[in-house]
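Enquirer: Structure incoming, see below.
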Amino acid sequence: MAHTRWLNDDEQRAWRAWLAANKLLMTEMDRQLQDEAGIPHTYYEILVRLSEVPDRALRMSQLAVSSMSSRSRLSHAVARLEEAGWVRRRECLTDRRGAVCELTEAGLDALREAAPGHVDVVRSNLFDQLTEEQVTQLREICEAVANHLGGEGIWPLGENLG
């Protein structure tokens, strides 16, 4: 059996602080989006991802990877977003087996409406609590961990809506 490298006191405190901060911030973001936009954070994230790519459309498989979601969970979320008229699915022209999820104008409008409240929650609960140096450190730390876990390049670049 391999030797366990237990966390020292500082590492344990950092780990538990990260867990608490992450859970509390995610809970607050979800609450705000549910209250003000009527959607959970996971649905908001799908709308953001679609808004940031060319033609506001991604293959369902790409959307699942970029949102770090299972295909079945993503399909359920997209079905709810379709019911709201915020996305539509269409056939993939290059692969008949695949489907493309496209952000509609109504979905983009809903995202634009939801984004200011979401950004306010992120700013007031995260960035307003940090110095500029800590923001840089946070980004570097999160990128290092995400890249180590295979998440490099998951988030598409583009218009910043939150």
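Enquirer: From the helices alone, meaning DSSP H stretches of at least four residues, give me the mean residue ellipticity at 222 nm for the chain, per-run term -39500 (n - 2.57), in deg cm²/dmol to the nearest 500.
Expert: Values: 6 runs with 98 residues, N = 162.
Dividing the helical sum by the residues of the chain leaves -20000 deg cm²/dmol.
Enquirer: Taking trypsin sites (Lys or Arg not before Pro) as candidate sites, keep only those in a DSSP loop with at most 14 other Cβ atoms within 10 Å, then name the longest stretch of the chain containing none of them.
Expert: By the stated rule (loop sites, at most 14 other Cβ atoms within 10 Å), 6-95.
Enquirer: Another one. Which of these, 30, 120, 55, has the largest mean-square fluctuation under a Gaussian network model of the chain (Cα springs below 10 Å)?
Expert: For the chain, modelled as a Gaussian network with Cα springs under 10 Å, the answer is 55.
Enquirer: In a shell of Cβ-Cβ distance under 15 Å around residue 16, excluding residue 16 itself, what net charge do Lys and Arg (+1) and Asp and Glu (-1) give?
Expert: -1
Enquirer: If the elastic network links every pair of Cα atoms under 10 Å, which of 12, 137, 32 fluctuates the most in the Gaussian network model of the chain?
Expert: 12
Enquirer: Per Stokes-Einstein, at 4 °C and 1.567 mPa s, what whole-number D in µm² s⁻¹ belongs to the chain, with the Kirkwood radius over Cα pairs as the hydrodynamic radius?
Expert: On the way: Rh = 17.7 Å.
After rounding, the answer is 73 µm²/s.
Enquirer: Ranking 108, 58 by Cβ neighbours within 10 Å, fewest first, what do you get?
Expert: With the sparsest Cβ surroundings first, the list reads 108, 58.
Enquirer: For the chain, set up a GNM with springs between Cα atoms under 10 Å and report which of 33, 25, 130 has the largest fluctuation.
Expert: In the Gaussian network model the winner is 130.
Enquirer: Taking neighbour Cβ counts within 10 Å as the exposure measure, how do 68, 29, 60 sort from fewest upward? Don't skip to the end; give the middle numbers.
Expert: On the way: 68 12, 29 21, 60 17.
Taking fewest neighbouring Cβ atoms as first place, the list is 68, 60, 29.
Enquirer: What relative contact order, as a whole-number percentage, does the chain give when Cα pairs under 8 Å and 6 or more residues apart are counted?
Expert: 26 percent.
Enquirer: Please arrange 6, 86 by counting, for each residue, the other beta carbons lying within 10 Å of its beta carbon, fewest first.
Expert: The fewest-first ordering by Cβ neighbours comes to 6, 86.
Enquirer: Follow-up question, since we're still on this one. Can you give me the angle between helix 132-148 and the longest principal axis of the chain, using Cα atoms only, in degrees from 0 to 90, rounded to the nearest 10?
Expert: 70
Enquirer: Hey, with R₀ at 22 Å, roughly what FRET efficiency would residue 102 and residue 65 work out to, going by the Cβ-Cβ distance, to 0.05? It would help to have the intermediate numbers written out before the result.
Expert: Numbers: r = 17 Å, r/R0 = 0.78.
In this case the efficiency is close to 0.80.
Bear in mind that the values in this text are calculations on the coordinates, not laboratory data. On a predicted model such as this, the values are computed, not experimentally measured, just so you know. Heads up, the Cβs are rebuilt from the backbone with ideal geometry, glycines too, and the neighbour counts pull from every protein chain shown.
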